[in-house]
Amino acid sequence: SEVHWGPLICYPLSDCAFSHWAVSDCADGVGARVSLMRAIAVIIILLVVATAIVGPQALFTVDETQLAIVTRFGKVQGHAITRPGLNAKLPFVDSVTYFDKRLLIFDASAESFLTKDKKRLIIDVYARGHIVNPKLFRETVRSELQATSRAVDIISSELRRELASDNPAELITP
């Protein structure tokens, strides 16, 4: 049974998954329309899958407690990212290195020092600081762990030098 609507004819389709009636001006148009819809559905599915794979590689977020730099094959690209939010990078080529924006604590274990008059003092040393220039930080110390190690070594060395040159009565106050 056909239904006529002006120049268009509707044919009943029992095997069509999209609708009970397909509107066409010829019987071959029904098959072509279904094939076109299937092709569009396949293309949409492929685009969704490609976006799901490439999307997480192309976008990254910076938290408000972080600083970030983008590196391409180990070389820093552009400027440091200091503001929180969503950022973009080249997928599979660029990588992101995050640093803590908050105050870092450089804590050394308690050490024994000899004073000028050969008395032994046990001193626990710590320092606090934050990263001001992430690019320079990465180029010089590479990571927060190495920065802590270097800072503790420098502070302990300077403290040892100062203790060896000063009189203990000047250092220790009751």
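The values are calculated or read from the model by the stated rules, or taken from the named source; none is laboratory data. Being a predicted model, the structure only gives us computed values, none of them experimental. Don't worry about glycine lacking a Cβ; one is built from the backbone with ideal geometry, like all the others, and counts go over all protein chains shown. Please note that ligands, DNA and RNA were not included when accessible areas were found on the heavy atoms of the full protein model with its side chains. Shrake-Rupley method; radii C 1.70, N 1.55, O 1.52, S 1.80 Å.
Suppose we filter region 144-169 for residues that are hydroxyl-bearing (Ser, Thr, Tyr), closer than 30 Å to ASP117 by Cα and open to solvent by less than 50 Å² (accessible area, probe 1.4 Å); how many remain? I'd like the intermediate steps shown before the answer.
First, pick out the residues of region 144-169 that are hydroxyl-bearing (Ser, Thr, Tyr): 148-149, 156-157, 165.
If we keep only those that are closer than 30 Å to ASP117 by Cα too, we end up with 149, 156-157, 165.
Applying the additional criterion that residues be open to solvent by less than 50 Å² (accessible area, probe 1.4 Å) yields 156.
Within region 144-169, residues that are hydroxyl-bearing (Ser, Thr, Tyr), closer than 30 Å to ASP117 by Cα and open to solvent by less than 50 Å² (accessible area, probe 1.4 Å) number 1.
Test of understanding: among VAL141, VAL132, which residue is β-branched (Val, Ile, Thr), out of contact with any strand residue (DSSP E or B) (no Cβ under 8 Å at 6 or more places or on another chain) and open to solvent by 70 Å² or more (accessible area, probe 1.4 Å)? Give the derivation first.
On the way: VAL141 fails: open to solvent by 70 Å² or more (accessible area, probe 1.4 Å).
Checking each option against the conditions leaves just VAL132.
Give the residue that is nearest to THR82 (Cα to Cα), with candidates limited to residues of region 127-151 that are among the hydrophobic types (A, V, I, L, M, F, W, C) and without any contact (Cβ under 8 Å) to a residue 24 or more places away in the chain. Can you show your working first?
Pass one, region 127-151, residues among the hydrophobic types (A, V, I, L, M, F, W, C): 127, 131-132, 136-137, 141, 145, 147, 151.
After this cut, where a residue has to be without any contact (Cβ under 8 Å) to a residue 24 or more places away in the chain as well, the list is 132, 136, 141, 145.
Working: VAL132: 10, LEU136: 14, VAL141: 19, LEU145: 20 Å.
The qualifying residue nearest to THR82 (Cα to Cα) is VAL132.
Conditions tested, residue by residue: (1) within 19 Å of ARG138 (Cβ to Cβ); (2) in contact with a strand residue (DSSP E or B) (Cβ under 7 Å, 6 or more places away or on another chain); (3) at pLDDT below 90.
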residue: VAL30; (1), (2), (3): no, yes, yes
residue: LEU36; (1), (2), (3): no, no, yes
residue: ILE43; (1), (2), (3): no, no, no
residue: VAL62; (1), (2), (3): yes, yes, no
residue: GLN66; (1), (2), (3): yes, yes, no
residue: PHE73; (1), (2), (3): yes, no, no
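Across region 82-114, what is the number of residues that are aliphatic (A, V, I, L, M), under 24 Å from GLU139 (Cβ atoms) and open to solvent by less than 40 Å² (accessible area, probe 1.4 Å)? Please lay out each step first, then the result.
Residues of region 82-114 aliphatic (A, V, I, L, M): 86, 88, 90, 93, 96, 103-105, 108, 110, 114.
From the residues that got through so far, the ones that are under 24 Å from GLU139 (Cβ atoms) too are 88, 90, 93, 96, 103-105.
This time we only want the ones that are open to solvent by less than 40 Å² (accessible area, probe 1.4 Å), so: 96, 104.
Residues meeting the conditions: 2.
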Under 8 Å by Cβ, and 6 or more places apart or on different chains, what pairs join a residue from region 51-66 that is without any contact (Cβ under 8 Å) to a residue 24 or more places away in the chain and assigned to a helix (DSSP H, G or I) with one that is open to solvent by 90 Å² or more (accessible area, probe 1.4 Å) and of a type in the set (D, E, K, R)? none
